[in-house]
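Trainee: The structure's right below; bear with me while I get my questions together.
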Amino acid sequence: MHSPVLPDLPNLPPTRPAAARVSLLGLACAGAALAAQAQAQTQTDPPMPVVEVIGTTPLPGIGIDRNLLPYPVQTAGERERKGARAGNLSEYMAQNLTGVNVNEVQGSPFQNDLTFRGYRASPLLGAPQGISVFLDGVRINEGFGDVINWDMLPEAAIASVTLVPGANPTYGLNSLGGALAFRTKSGRTDPGFEADVSLGSFGRKRIDLGYGAQFEDGWHAFVAGTRFMEDGWRDYSNGRLGNVFAKFGRSMGRDNWDLSLLHGTSTLVGNGLLPDELYEDDRRTVYTHPDRSRNRVQQLAFNAEHWLDSSTVVSALVYGRNSRRRTVNGDINPAYESYAEACEGGFDAGGAPIEDDECVDDDGNPLTRAEALGLAPGVLNQTRTRQRSYGFGLNLARDVGIHKFSVGASAERSRVRYEQTTEDADFDDSRGAVAFPGAESELDAAVRGHAWNAALYASDTMSLSGATHLTASARYNVAKVTNTLTNENGVQPTESFRYTKLNPALGITHRLGSGWTLFANVAQNTRVPTVIELGCADPEQPCALPTGLQADPFLEQVTSRTIEAGARLEENGKGRVSVSVYQSVNRDDILFLRAGATQLGYFDNFERTRHRGVDLSAQRNFGPFAARLGYSYLDATYDADGSLFAGERTVQVRPGTRIAGLPRHTFKLGLDWRPSAQWMFGADLVAVSSLVTQGNEDGLLEDLEDDEPPATGNAGIAGHAVLALRASYKPTRQLEFYARINNALDRRYETYGVLAENMFPDGQLVQPALGTEEAQDARFVAPGAPRSFSVGMNYKF
């Protein structure tokens, strides 16, 4: 987000500085102490103030001084990310950005379920998405379920990340809890060559290469690539990915433009949750497998900006994005699960069910032992998804007088092709699903969908006085989703749903004489239901995600309203202090509700959910030392009466019932020590409080039956603290060696939990026909990664 220096326009703004160090979380008392110390210190020659400019839309433009924004924006440049030596971008954000947490549901480092203030950006279909993600202005939430494929980000080419909180309407659809904007490098901003090579535990190998160059007459080019491979820390969890990013453009006079191309592929394994019994025995094992995903993406984007004069710039974006996803998952056959429950009483010596009230075949006749032995216990679910999207954006930004305003328009059209096939399977000794003898692949569901949206928006930051600024913005959205579904009943009639909404925002900042800035903001934004959500919205015809699409009822769009207020102190070269109090309320939230069998469910609107909390942060430099302290409080609850379905039980929620998987308290501490120009040592601590387990939100373990009291108990996930250590040695300006230890104390911890039925008690498949142990209700957990080591080398010239 840099303005060009135009020699023929003497009053044009100079090139803006790179994003300053990320402002991390901090305790209120620590923030107050640091602020007091800053006030006490004096300097004979105060440094010139550094103005950090933040973009207020996904498209580049003039931008706004960070101190004028009525909400807390977090930024991280390459220097901050490289210094942290995190394994990837999502790991960095979880360890360093305020309000960000990770649920390791999949167990793969590039398939993290990332939350910010309780809103998700996740690769999992069915997760209630609430964060929009942009790469150079291109929205990369995939059209089928608004999911985010973290493995398809070109990390070697990322120059900066910006995290904007709240229901900001200028960032468009899906920005309910916030927006993430990634900017890439160019030959103009990052000339030279860089190589980063690392090796680590669990067979991890990674190499990042990048090269940028400037040529005569303003031409520039940049190319970067990443290759990653691992055996994985859990069984059967090897993965790999690779991507290449290239950018070519020109910057001359009043004009800047670039053309970028992204190509990425990956094969990753996400082995998911483990029942407590298996987890306690061996946290590296898996429940069932395979669970493999193959992703491929190509993206072509053209960005351009033209300065009409020294204070007015027009920006344009045109892009196309094509993604493909193939998955294969070995799961329990829902029909076999139903049989195991209905026939749990077993069979007599003659082969007849002992309790035959429900143990019957498709015709209602008692099921025999021979027939039961012929049932396929497993199923191989395979999916294919193709998504193509095209869009453009246009923005005019002007800085004149007391106004800094921008107006713009955007439009996008996407096409989705999806199909799922199922194949009966058996399980081997490792609980791996193997095709059943003679089984044939059958089409289970398919959809052809089209979606388009268009919007007009405007924003203005007006100076009411030298210390007070008012920011107002609004966006008008129009969206339409059209589906043609195919299921067991054949091709269904085409459905079409249309949504419109005007979303406003209003905020104010006031700078005090002491250097503190007060801010307050109120904003509204929306999310439109996706193809998968509209295709699975009938409780009478539940789906097995991501399968079983139906011609279903209408879903309302989600409307989120955020109110936020706080204060911040910016001290050039010394540190930052920030405190923010917020509340976000979602109306007509879209949730995936379980219906009966563990794997089945449907999407529905839930009347109201609420996220409120406090973010405190402080950062301070003390000579060779730098400290970052942080604390986040999050109260994420349902705010209406309703019923949730999880596994075999129904959860009755009421206002105040906590949402599963989100910690109330998160504490982050970072310390850096630079004893010399060559050496750096650091430590990062992340501590979170306990989590509510899905299916145990009401504090019950079983439903009320026959006037008997239900079983009560807390099946929650215990809080934990994880410590990481890092060090680097830089013998020359070009060469650096580094090392990192994650989970240095090798703590055993979990990051998510679900109540469900365990079909493998003692590791063995439930088989009533053979008189084995009955299925058991159990807590399934997402195990955290054990201690790991990594070493690497970075070289630049």
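Trainee: From the list ASP762, ASP777, exactly one residue is within 16 Å of THR288 (Cβ to Cβ), open to solvent by 60 Å² or more (accessible area, probe 1.4 Å) and not in a loop (DSSP other than H, G, I, E, B). Which is it?
Mentor: The match here is ASP762.
Trainee: Can you tell me which of ASN149, ASN174, ASN168 is of a type in the set (S, T, N, Q), more than 19 Å from ASP113 (Cα to Cα) and touching a residue at least 60 places away in the same chain (Cβ under 8 Å)?
Mentor: On inspection, the qualifying residue turns out to be ASN168.
Trainee: Are any of the residues in segment 48-65 more than 29 Å from GLU194 (Cβ to Cβ), open to solvent by less than 60 Å² (accessible area, probe 1.4 Å), modelled with pLDDT of 50 or more and not in a loop (DSSP other than H, G, I, E, B)?
Mentor: yes
Trainee: Across segment 780-797, what is the total count of residues that are part of a loop (DSSP other than H, G, I, E, B) and open to solvent by less than 60 Å² (accessible area, probe 1.4 Å)?
Mentor: 3
Trainee: Can you pull out the residues in segment 100-115 that are on the phi < 0 side of the Ramachandran plot and either open to solvent by 10 Å² or more (accessible area, probe 1.4 Å) or part of a loop (DSSP other than H, G, I, E, B) (or both)?
Mentor: Residues satisfying the conditions are ASN101, VAL102, GLU104, VAL105, GLN106, SER108, PRO109, PHE110, GLN111, ASN112.
Trainee: Specify which of the listed residues (LEU745, LEU755, LEU725) is outside any loop (DSSP other than H, G, I, E, B) and open to solvent by 50 Å² or more (accessible area, probe 1.4 Å).
Mentor: Going through LEU745, LEU755, LEU725 in turn, just one is outside any loop (DSSP other than H, G, I, E, B) and open to solvent by 50 Å² or more (accessible area, probe 1.4 Å): LEU725.
Trainee: Kindly indicate whether any position in segment 603-619 is of a type in the set (A, V, I, L, M, F, W, C) and modelled with pLDDT under 70.
Mentor: Narrowing segment 603-619 to residues of a type in the set (A, V, I, L, M, F, W, C): 603, 606, 614, 616, 618.
After this cut, where a residue has to be modelled with pLDDT under 70 as well, the list is none.
No.
Trainee: Would you pick out the residues in segment 273-294 that are assigned to a loop (DSSP other than H, G, I, E, B) and hydrophobic (A, V, I, L, M, F, W, C)?
Mentor: Answer for segment 273-294, where residues must be assigned to a loop (DSSP other than H, G, I, E, B) and hydrophobic (A, V, I, L, M, F, W, C): LEU273, VAL286.
Trainee: Restricting attention to strands (runs of 3 or more DSSP E) lying wholly within segment 618-659, give those where 1 or more residues are under 19 Å from LEU700 (Cα atoms) and out of contact with any Gly (no Cβ under 9 Å at 6 or more places or on another chain).
Mentor: Counting at least 1 such residues, we get 642-646, 649-653.
Trainee: Something else: For VAL407, indicate whether it is surrounded by fewer than 16 Cβ atoms within 10 Å (Cβ to Cβ) and part of a strand (DSSP E or B).
Mentor: The answer is yes for VAL407.
Trainee: So in segment 205-221, with the set limited to residues that are at pLDDT 95 or above and open to solvent by less than 60 Å² (accessible area, probe 1.4 Å), which one is nearest to ARG254 (Cα to Cα)?
Mentor: Within segment 205-221, the match that is nearest to ARG254 (Cα to Cα) is HIS220.
Trainee: Right, something else. Among the residues of segment 296-306, write down those that are surrounded by fewer than 20 Cβ atoms within 10 Å (Cβ to Cβ) and touching a Lys or Arg at 6+ places or on another chain (Cβ under 9 Å). Talk me through it step by step, then tell me what you get.
Mentor: First pass over segment 296-306, keeping only residues surrounded by fewer than 20 Cβ atoms within 10 Å (Cβ to Cβ): 296, 298, 300, 302, 304, 306.
Matches in segment 296-306: ARG296, GLN298, LEU300, HIS306.
Trainee: Looking at LEU512, is it within 15 Å of ASN168 (Cβ to Cβ) and either without any contact (Cβ under 8 Å) to a residue 40 or more places away in the chain or over 31 Å from the mean Cα position of the chain (by Cα) (or both)?
Mentor: no
Matching residues to (1) within 21 Å of LEU125 (Cβ to Cβ); (2) open to solvent by 20 Å² or more (accessible area, probe 1.4 Å); (3) assigned to a strand (DSSP E or B); (4) not β-branched (Val, Ile, Thr):
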{"site": "ALA372", "(1), (2), (3), (4)": "no, no, no, yes"}
{"site": "THR383", "(1), (2), (3), (4)": "yes, no, yes, no"}
{"site": "ARG413", "(1), (2), (3), (4)": "no, yes, yes, yes"}
{"site": "VAL434", "(1), (2), (3), (4)": "no, yes, yes, no"}
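The values are calculated or read from the model by the stated rules, or taken from the named source; none is laboratory data. Since we're looking at a predicted model, the values are computed, not measured. Every residue, glycine as well, gets a Cβ built from its backbone with ideal geometry; the counts of neighbours run over all protein chains shown. Accessible surface is based on the protein model in full, side chains and every heavy atom, while ligands, DNA and RNA are left aside. Shrake-Rupley method; radii C 1.70, N 1.55, O 1.52, S 1.80 Å.
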